[in-house]
Each structure stands twice: as C-alpha cells, then as structure tokens.
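A quick write-up on the structure given underneath.
The values are calculated or read from the model by the stated rules, or taken from the named source; none is laboratory data. Predicted model, so just to flag it, every value in this text is computed and none were measured. Here the Cβ is made from the backbone with ideal geometry for all residues, glycine too, and neighbour counts use every protein chain on show.
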C-alpha cells in the first residue's frame with residue numbers, strides 16, 4: 001500500500017518475474033484524490049517478452065492513510081491515444097480560463 005502519491009506504482013512481480021513493468025509515471029493531480037498516468041508494458045508469458053508499451057490513467061483515493069485504486073482507463077493503442085490528444089487540443093485550444101487557475 002502506498003501512503004504518498006509518489007509511492008504509487010503499477011509494477012507487479014510474481015514468482016520473481018516482473019509481469020507489469022512501469023516505464024514512466026506522470027502525476028496529474030495530488031491530494032485526497034490523485035490521478036496518475038502510467039506508461040507500462042505487460043510481460044507476455046507465451047512469448048517470453050514484453051508487449052509494446054501501453055498507457056493507463058488511474059484514480060486513487062486516500063483512505064485510512066493509504067491510496068486505494070478507485071477507477072482506471074486503459075488507452076487501447078496509439079490510434080486511440082492520438083484521437084484523445086486531438087480532441088483535448090481542440091477543446092482547450094482557445095481556453096484561457098485554465099491557464100489562470102493552474103498552479
């Protein structure tokens with residue numbers, strides 16, 4: 001269990017084999033509700049290699065002193081990632097209100 005946002009990881013090991021390799025982590029928000037985006041790879045047991053990198057966005061709630069996973073969204077692949085980026089860029093292209101409130 002992680003008691004701070006910085007301690008949260010999706011790395012997972014079983015029987016000495018790293019099954020989920022965390023490549024990068026981007027903390028999008030902190031506080032009692034934390035949002036983190038991870039770049040990761042799953043280990044393919046059949047092939048004995050890691051699959052191509054994937055992205056997941058996860059929300060954690062601090063409860064009893066530890067962060068607990070409450071929801072997650074997995075980006076299905078590069079095409080979906082590009083569509084998400086394009087939509088966000090369109091939606092926020094002329095939005096000046098978010099710049100004034102960012103910390």
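Observations on the model:
Yes/no matrix, rows are residues, columns are (1) within 20 Å of residue 34 (Cα to Cα); (2) modelled with pLDDT of 95 or more:
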position: 56; (1), (2): yes, yes
position: 61; (1), (2): yes, yes
position: 68; (1), (2): yes, yes
position: 74; (1), (2): yes, yes
position: 82; (1), (2): no, yes
position: 87; (1), (2): no, yes
position: 96; (1), (2): no, no
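- For the range 1-50, the candidate set comprises residues that are part of a strand (DSSP E or B) and touching a helix residue (DSSP H, G or I) at 6+ places or on another chain (Cβ under 8 Å); within that set, the residue that is farthest from residue 76 (Cα to Cα) is 34.
- Selection status of residue 5, without any contact (Cβ under 8 Å) to a residue 60 or more places away in the chain and surrounded by 14 or more Cβ atoms within 10 Å (Cβ to Cβ): no
- For the range 13-67, the candidate set comprises residues that are touching a residue at least 40 places away in the same chain (Cβ under 8 Å) and touching a strand residue (DSSP E or B) at 6+ places or on another chain (Cβ under 8 Å); within that set, the residue that is surrounded by the most Cβ atoms within 10 Å (Cβ to Cβ) is 67.
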